[in-house]
Every structure is written in C-alpha cells, then in structure tokens.
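K.L.:
I'd like to ask you about the structure that follows.
What follows is calculated from the coordinates using simple rules that are stated; it is not laboratory data. As the structure is a computational prediction, the values presented were derived from the model and not from experiment. With ideal geometry, Cβ positions are generated from the backbone for all residues, glycine too; neighbour counts draw on all protein chains shown.
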Amino acid sequence: MDQSNNKVKCLVWDLDNTLWEGILLEGDRVELKPFVPEILHALDRRGVLHSIASYNIPELALNRLGEFGILEYFLCPQVGYENKPQQILAISRCLGLRLKDLALIDDDPFQREQVRQVVPDVRTYPSAEYRDLTSKPEFQPTVVTPEAASRRSLYQSSLKRDQAERDFVGSRLSFLISCNLRLTIRSARVNDVERIAELVWRTSQLNATAQSYDATQVREWVRDPNRLVLVGVLSDRFGDHGTVGVVVVRKEPRPWLIEVLLVSCRALGRGVGEGLLTFVLNHARDKGEQRLLARYRRTAANRAVQLLYRSYEFYLYTVVGDDDSRVLECDLGRGLWPYPSWLAVETSL
Amino acid sequence: MSQSEVEERLQMMLAEIMGVEPATVDRSAPLFRGGLELDSLSAVQFLAEIEKEYGIDVAEKDLSLACMESLARLAAFVAKHTGGS
C-alpha cells in the first residue's frame, strides 16, 4: 500500500501510566512522563491530532490535564466508564476520521489487545514506545504545510460549529445563514500546490474522480495556460477553515471539462461544492461556452458529488472505459446560476 | 404502498432534514434549482433515509437520478420499486 496513505491522523492516549506516571483514581499525585509536552507539540505541528481514551472521572482527569497546561491539545477526549473500543469509536465519529486513521497508545496489553480485536483497523502502541513515536514513518507527514500546523484549530472551529448546529433551534437554512459562511474562490498559485495535493489524498468523500494526484501533477496544472485551477477558501463565524475545495478545468480542446472537483470531508454541507461549481458554470457561460463537461467516477464514497452534479442538471454525456467512469454534461443555455443564499462569495481570477 | 402515502412520508423526512414544517415542503416543486434548493449533502442524507425506510438504493436503481425532479416524482419512483407483495 502507498506509504502516504498509512499516516496516523489522530493519536489516542491512555492516561494512567501512559501519558502520566501513576493512577489518578488511586490517589497518586500523577506527573507527566518526561518529554510528553514536547512530543504532543511536535506531533501537533505536523498535523497529527491528539485525543484521550481513559477510564477515569472526567472532571478529575481533565482538570489535571488543564493544570499541566496541555488540555488544549486533546480533541474530543473520552474520559469515563465506556470501554476503550467504544471510546475510540466515539472519537472517530466526533472527528470524522476512519478507524484506520487512529492509533492508541496504552500501557495495558489487555486494552491494546481488546482494541486490536474489536476495532482491528486501529493501530496500537505500548506506552513504553511513547518517545519513539515522532521518529516513526507513520507519524511523519509527507510534507508539512501551513495548514498541517493549524489542523487542530481547524478541527476546533469545526467542532464548535457542530455544537452550534446541535444547539440551534430553527431550519437548516436559517442555521447556515447564521454561520456567516464566506467562500473565496481564486486562482491557485504555486504555493497552493502542496495543500491541493494534500487535499486530494485526504478526501475520500467529495472527490469527483476518486483518483490521486501528486504535487508534481498539480504543479503542472497550475502552470498550464490551458487549465483553470481554482481553490475555495472558507471562513465562518467559528473561524477560518483554510483551503477546503479545488476545481480543475481543462479549457482546450473545447468544450471545457471539469477534470477535478473536490471538497474536504470536514467542509461538506456548507455549500463549497455548490459555490465552486456555480462559479465555473457562470464563468464558462461568460466566455461563450455552451456546454460544460465534467469527469466523474462513481464510488461508494462520493455520493455527495454525484448529487451535486445532479442538482446542477449535469447528465450523462458518455461512458468512459469500464471502471464506472463517465463524462457528464451541462447545458449552459439555461441562464446564470445563483450562489446558495447562505454563502457570501468573493472571487478573483 | 400508494404513491400518496409515500409522498407524505417523504415530505416528512425531507422536512426533518431541512428543519421546517412538513406542510411548507412543496411536493411538486423542483428539488433543486428553482424550487426547494436542496444542497448536495442534504440530498445524500435524504436518499440514505429513503434507503433505510424503504430498502431501496435510489442512486443504484436510477443512475441518472432522473426521478429526483420533484418530491412527487421521487415518491412515484419509490412506490413503483417497493412493489406490494
């Protein structure tokens, strides 16, 4: 398997005798193991998220982490009486990560084995290895992007908005409007290349062609005068979400063809795909195009993009090969498309 | 399973996803542009709910999703494909 797909996206820490020496509930005055804050920080900078799965009393444990000054590193900490597999499942749901993206570090071989049997995709490490984690390949990103270093705060913004959504009493539309979603659509520059390549292999959901493109390929596209490469940068009242969408349009030979359309899994449901597609449709129409084509390959995971194209009246133009690939087409004669009402869009080409 | 029963049920399901009163969801309006303006993620959720309730994967059975013109048309499709015994 391609090594770049084996990275740990979230490291889940046990507490007693793993993150700290001693057992909190037994009255020990627990102390962090040596180098723990540096290790948390180093992994955090690389875009690895941290969480906690611990059998403990939430107030006690979380307060203690706060006293150590490291509580902020941990997203969706699971502290309580559920078993480890349940806690890990809760973390994977909360962060929208697959089990194979998670790893557990725990001093107890019983717990590690339970996790290995019940949620086998989750990697496990004995706590004795905690100092070695930073040098293991699965904890090294292929590239450190500025986005990677702020991944935790992007998740925190996103978790805040999820909580706001749960607290909101009203229609989905009025909730979306209240979020003050702002999408900036602009031409990709050379220093967007790494982030675009990262987005491509991180997205498994709204990726229209479900293919992987590396940075070299992306760089070629950005430099290609026959192609339009646009990024969508999103912010809302909860914070900045960074670059969350990409679209690549091949302009020659005509008709224009959307080769790539993808949105980060975490930014689904905000209208980013709609915003990017609306822009491309209207832009093509402005330039005198009468049809717009789009490449699309149906997978179990990209239903959202299938529905996106359908909602914009793209229909089958031709089938390509035998891997469920299609080219869709949209008739541009039906007039301009408006942006979703809840989305403020700024564009610059 | 009559079409109007399915229509009423789909109307309630969609109203819940949209967070509005069922009566305000126009059954004959376009689901997308020029009508209910459903976004892609809500549409995915809607089809998933339909599959859970009726056991039919609409996107598998209608690859072009032509039946997603309106709630009424979608209900007709669902009613037709969950045949009575």
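K.L.:
Sort A:V190, B:V58 by Cβ crowding within 10 Å, fewest neighbours at the top.
P.N.:
In order of increasing Cβ crowding within 10 Å: A:V190, B:V58.
K.L.:
Would you list which lysines come within 17 Å of A:K136, measuring only between C-alpha atoms, while excluding same-chain residues fewer than 8 positions from it?
P.N.:
Here the lysines satisfying the reach criterion relative to A:K136 are A:K7, A:K9, A:K100.
K.L.:
Okay, moving on. Based only on Cα atoms, what Rg/Rh ratio does segment A:16-68 have, Rh being taken as Kirkwood's radius? Before the final figure, lay out each step's value.
P.N.:
Working: Rg = 11.7 Å, Rh = 11.9 Å.
Here Rg/Rh amounts to 0.98.
K.L.:
Further question on the same structure: Specify whether the C-alpha gyration tensor of segment A:38-130 places it in the rounded, prolate or oblate class, a ≥ b ≥ c being the square roots of the eigenvalues: rounded for a/c under 1.5, otherwise prolate if a/b is larger than b/c and oblate if not.
P.N.:
Here segment A:38-130 falls in the rounded category.
K.L.:
Test of understanding: in a Gaussian network model of chain A with alpha carbons linked when under 10 Å, which of A:V246, A:V200, A:V327 would top the mean-square fluctuation ranking?
P.N.:
Highest fluctuation of the listed residues: A:V327.
K.L.:
Using only helices, what value at 222 nm comes out for the protein assembly as shown when you add -39,500 (n - 2.57) per DSSP H run of length 4 or more and divide by the total residues, to the nearest 500 deg cm²/dmol?
P.N.:
Working: 15 runs with 160 residues, N = 434.
Counting only the DSSP helices, I get -11000 deg cm²/dmol.
K.L.:
What Kirkwood hydrodynamic radius do you get for segment A:221-349 when you take the inverse of the mean 1/r over all pairs of distinct Cα atoms, in Å? List each step's numbers first, then the result.
P.N.:
Working: mean 1/r = 0.0657 Å⁻¹.
After inverting the pairwise mean of 1/r, the radius is 15.2 Å.
K.L.:
Which of A:L65, A:L328, A:L173 moves the most in a Gaussian network model of chain A with Cα springs under 10 Å?
P.N.:
Of A:L65, A:L328, A:L173, the Gaussian network model singles out A:L173 as fluctuating most.
K.L.:
A follow-up question, please. Order of A:F279, A:F314 from fewest to most other C-beta atoms within 10 Å?
P.N.:
Arranged by neighbour count, lowest to highest, A:F279, A:F314 become A:F279, A:F314.
K.L.:
Tell me, for chain A, which Cys residues have no other cysteine's C-beta sitting closer than 4.7 Å.
P.N.:
A:C10, A:C179, A:C265, A:C330
K.L.:
Please report, for the Cα atoms of chain B, the Rg to one decimal and the Dmax as a whole number; what are they, in angstrom?
P.N.:
Cα-based Rg and Dmax for chain B come out at 11.7, 37 Å.
K.L.:
Further, regarding this structure: Under a GNM of chain A (C-alpha, springs under 10 Å), which listed residue has the highest mean-square fluctuation: A:E21, A:E313, A:E59?
P.N.:
Fluctuation is largest for A:E59.
K.L.:
If you line up the long axis of helix A:151-167 against the longest principal axis of chain A, both from Cα atoms, how many degrees apart are they, to the nearest 10?
P.N.:
Around 80 degrees separate the two axes.
K.L.:
Next question, about the same structure. So how tilted is helix A:58-68 from the main axis of chain A? Cα-based, degrees 0 to 90, rounded to 10.
P.N.:
Approximately 90 degrees, to the nearest 10.
K.L.:
Still on this structure, I have one more. Give me A:L176, B:L10 ranked fewest to most by other Cβ atoms within 10 Å of their Cβ, as a rough exposure proxy.
P.N.:
A:L176, B:L10
K.L.:
For helix B:71-81, report the angle its Cα long axis makes with the longest principal axis of the Cα atoms of chain B; keep it between 0 and 90° and round to the nearest 10°.
P.N.:
Value to nearest ten degrees: 10.
K.L.:
Pop out the ³J(HN,Hα) list for segment B:36-41 in order, Karplus 6.51 cos²θ - 1.76 cosθ + 1.60 with θ = phi - 60°, rounded to Hz; leave Gly and Pro as x.
P.N.:
Computed from phi, the couplings for segment B:36-41 are 6, 6, 5, 7, 4, 5 Hz.
K.L.:
For the protein assembly as shown, state the average projected area of the convex hull of the C-alpha atoms over all orientations, rounded to one decimal in nm². Don't skip to the end; give the middle numbers.
P.N.:
Details: hull surface 93.1 nm².
Computing the convex hull of the Cα atoms and averaging its projections yields 23.3 nm².
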